[in-house]
Amino acid sequence: MKFRIALLLSAWMLGFLPSASHAELAQEFMLKNGMKIIVKEDHRAPTVAHMVWYKAGSMDEHNGVTGVAHALEHMMFKGTKTLKPGEFSQRVAALGGRENAFTSKDYTGYFQQIEKSKLEKVMALEADRMANLVLDKEEFSREIRVVMEERRWRTEDQPIPLVYEALNATAFMAHPYHHPIAGWMSDLLSMTVQDAKTWYERWYAPNNAVMVVTGDVEAKQVFALAEKHFGKIPRKAVPVTRPQEEPPQRGIRRVTVKAPAENPYVVLAFKVPALRDVEKDDESHALDVLAAILDGYDNARLNAKLVRTDRVANSAGAGYSNIARGPVLFLLDGTPAAGTTTEQLEKLLRAEVERIANEGISEQELKRVKTQLIAGQIYKRDSIFGQAMEIGTMEMSGISHTKIDRIIEKLKEVTAAQVQAVAKKYFGDDALTVATLVPLPLSEKKAPAAPKGLRH
Amino acid sequence: MTRILFAFLLTFAGIGTASAALKIQSWTLANGARVLFVENHSIPILDISVEFDAGSRRDPQGKSGTAELTNAMLARGLRATTTPYAESEMSEAQISDAIADVAAQRGGGTGGDRAGASLRTLSSRAERDASVSLLSRILAHPSFPENLLERDKARTIAAIREDETKPESIGSKAFWRLLYGSHPYSQYPTEASVTSITRDDLVAFHNTHYVANRAVIAMIGDITRDDADAIARQLTARLPQGAPLPALPAVEVPAPSEERIAHPATQAHILLGLPAVVRGEPDYFPLLVGNYTLGGGGFVSRLTHEVREKRGLSYSVYSYFNPMAQPGPFQAGLQTQKEQTDEALKVVRSTIADFLRNGPTPQELKAAKDNLIGGFALRIDNNRKILDNIAAIGFYNLPLDYLDTWTAKVEKVTIADVKAAFQRKVALDRMSTVIVGNAK
């Protein structure tokens, strides 16, 4: 089964630690039209991951048309001036390729995995749809229904995703991270093919795109192919998304979601710094290590204490992804065990951070976390796809992929005192949002009425 | 849920393959353990999996969940032993910390047929020795502490109750129940069955099933064949010999039925299928090639075209064969807004019916082969994928040249082969249907 992925890589789903490789260094090249090409050679197997990333995600949308970044992603498979709807996928399939696309808050990406001799063919296809997409009204009217089914499947019928939707909408009032990647259902219902067209024309330009290729290729050859297929696509004036900075939070916020489920769930989101400058943002690196001390391995603090020893939770976790265009959150979450309430679990999760703030961490814990970091750099080399994802995610956030190794070095330098300091500084009430799932029995929830006006 | 996730894994793993360059070395130890090894020095890592005939089909009657709990509790504590080595006891926390200290990653799990443990470790001597030695003990000397069993049972039951609210889990359980009647494949853990499991049950299950003579050890990575042999011996040195396991009842295709289960979700979840295919059977390749056209080929399959592209009825619609030790299911499914359930189901049924009647067109057959053969390299392009493939080859006793002959077997499938195999295995009037969310 293949899915176009809407929610992949939302901030809290990304692995907690980016890691680097001692293998071949990635090479970078800029086309005259402003498109960046990044190639990382890896000759272990005769395959290639080819990706084109656009710096346009749900955070670039406006009110009333939320979800359009994702809807356009679906429409990118619906034909160009020379390809019929669906033909893109047929051609990739005929080459033995696997393909998909993903939309996040920060970007939209398209990829193919193929045997190496097929690279030029998929590149030509990708270049074609960067410039020549045809947005047909009939196709759109069908595809937007698929998009709505996707939203139902991923969010409307899923208690935990509903909680995260409410969490983001509560934590972010001014910043567009307020809106779900999939868009609000009402916006999907009123979306038109013109909305998709406007989006495509505004953002799909070579100077707003980055190509990432990893695998069994020669970098120079890839640059030449990119020049050949993308080089003639003209640059566009791409708008600048306004800062829409989130004003400082002035007190704890709470939101409750009732949905059919068995177990309650609670997630705490603290506003903390993102990583903007790898050299200077030591607090961000320290927060990264803090997340690993709490939840970076089997017997890390939250699982050891709350699940294994005290048995007050069935699961407990921490997450911090500092690589993003917008503001980031440090998350603590968990499902209480029988006999514990979400209110109690909320306090217990915070108590673990407070314990670090008061007592610090042991050198042994710190060493353990760093050991995993170093090994992670080696393990990640097993996947060319994973390495391409890492490069693309960094680039989209505004941090060069050349900093990947440097981040690891900086993480290795983090001290126990720095971890203790961030645990003290960032986990008060004032910048905290708490979202709680209140389970409803299956029989009590009334199914919403069917959307009107969809059939044609 | 575990079973379904595992099922997908099997489907993909099983159809994987090798370039000519992939050399699988295989041998059997004196204690009966089977070893499959691929030497690969491109990254300084080693991946290992050790599997047994210890899947959920071996659950004792009325105690569904025993196989899963036994596997999940392997690393909850190790007992002190004197033979074959003097080793002291270890707690759950000590085991976890010891693994983390050498940056190893422990995996594993329980499927319908097999269960076991896996390890990813750095191949450097100190780290490798420490992690392999720990894995050997985890497989052989779990202490199954009583108090942790109570904790893990409570967590398992909470998860079961959660699953009972989710349409996809409800549907999947009903699907296996309808298809497999009284066969063990139909069973799944319930609150009652898990409650009844005791520490003695785990000890007995472990002693009977985690045995040297049925161990299948798959390895790929940065070690030599001599290293691999030594590691395989170490991994099984502490394991006992097991008596033959009882034969399992045959799978019988039940009378077709339709079950509709009420649920408040906005979408209905629809599943249809029947028991169909055994690992390694001759019909497998025609079924694989044919199903690419019917519902396996992602965005280009007939089901996706008819249900999603032409009518916008669903985000995901698929069909696949899940070959198992005994006939595993053919399954087709989708999710759609409730009000469209009957329309969508009709389209799925007529698409399958048409395919059964006429098979693929010559163009479709070519497209299927182009994709499967052209994409073959992607099935074995990293250690993790190769490990999955050789583990399946070992467990299901597939020929060692399975990966080498894979593309040739795909290539030689004809339209007549596809039609004949589908007609043998899949008939609309023998298929059962589960619909969660649209009760009538």
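The values are calculated or read from the model by the stated rules, or taken from the named source; none is laboratory data. For clarity, every value in this text was computed on a predicted model and none was experimentally measured. Every residue, glycine among them, receives a Cβ derived from its backbone with ideal geometry; neighbour counts consider all protein chains shown.
Checking segment A:109-124 against the condition returns no match, with no residue being under 17 Å from the mean Cα position of the chain (by Cα), more than 8 Å from chain B (Cβ to nearest Cβ), among the hydrophobic types (A, V, I, L, M, F, W, C) and surrounded by 24 or more Cβ atoms within 10 Å (Cβ to Cβ).
Cβ-Cβ contacts under 9 Å between residues 6 or more apart (or on different chains), taken from a first residue in segment B:307-330 that is more than 7 Å from chain A (Cβ to nearest Cβ) to a second residue that is part of a loop (DSSP other than H, G, I, E, B) and aromatic (Phe, Trp, Tyr), are listed as B:Pro323/B:Tyr396; B:Met324/B:Tyr396; B:Ala325/B:Tyr396.
Consider A:Ala318 carefully, then state whether it is under 23 Å from B:Glu146 (Cα atoms) and in contact with a helix residue (DSSP H, G or I) (Cβ under 8 Å, 6 or more places away or on another chain). Spelling it out, it is not the case that A:Ala318 is under 23 Å from B:Glu146 (Cα atoms) and in contact with a helix residue (DSSP H, G or I) (Cβ under 8 Å, 6 or more places away or on another chain).
So which of A:Ala259, A:Ala269 is in contact with a strand residue (DSSP E or B) (Cβ under 9 Å, 6 or more places away or on another chain), away from chain B (no Cβ under 14 Å) and buried (at least 16 other Cβ atoms within 10 Å of the Cβ)?
A:Ala269
Counting only residues that are crowded, with 20+ Cβ neighbours inside 10 Å and either of a type in the set (Ser, Thr, Tyr) or more than 30 Å from A:Met123 (Cα to Cα) (or both), how many does segment A:230-256 have? Number of matching residues: 0. Considered as a group, the residues in segment A:299-320 that are assigned to a loop (DSSP other than H, G, I, E, B) and over 20 Å from A:Ala416 (Cα atoms) include one that is nearest to the other protein chains (Cβ to nearest Cβ), and that residue is A:Arg311.
For B:Ile138, the requirement of being away from chain A (no Cβ under 12 Å) and either surrounded by fewer than 20 Cβ atoms within 10 Å (Cβ to Cβ) or modelled with pLDDT of 95 or more (or both) is met. Restricting the search to helices (runs of 4 or more DSSP H) fully inside segment B:374-439 and requiring at least 3 residues that are over 20 Å from the mean Cα position of the chain (by Cα) gives B:402-411, B:415-425.
Just checking, does segment B:95-109 include any residue being farther than 22 Å from B:Ala215 by Cβ, aliphatic (A, V, I, L, M) and either without any contact (Cβ under 8 Å) to a residue 12 or more places away in the chain or part of a helix (DSSP H, G or I) (or both)? Looking for residues that are farther than 22 Å from B:Ala215 by Cβ, aliphatic (A, V, I, L, M) and either without any contact (Cβ under 8 Å) to a residue 12 or more places away in the chain or part of a helix (DSSP H, G or I) (or both), one finds at least one in segment B:95-109, hence yes. Total residues in segment B:333-348 satisfying the condition of being among the polar types (S, T, N, Q) and in a helix (DSSP H, G or I): the figure is 2.
For segment B:209-243, the candidate set comprises residues that are within 16 Å of B:Ala140 (Cα to Cα) and free of Cβ contacts under 8 Å to residues at least 60 places away in the same chain; within that set, the residue that is surrounded by the most Cβ atoms within 10 Å (Cβ to Cβ) is B:Gly242. For segment B:123-133, name all the residues that are surrounded by fewer than 21 Cβ atoms within 10 Å (Cβ to Cβ) and either within 14 Å of chain A (Cβ to nearest Cβ) or of a type in the set (Gly, Ala, Ser) (or both). Scanning segment B:123-133 gives B:Ser123, B:Ser124, B:Ala126, B:Glu127, B:Ala130, B:Ser133. Of A:Arg350, A:Arg355, A:Arg368, A:Arg311, all but one fail to be at negative phi, among the charged types (D, E, K, R) and out of contact with any Phe, Trp or Tyr (no Cβ under 8 Å at 6 or more places or on another chain); the exception is A:Arg355.
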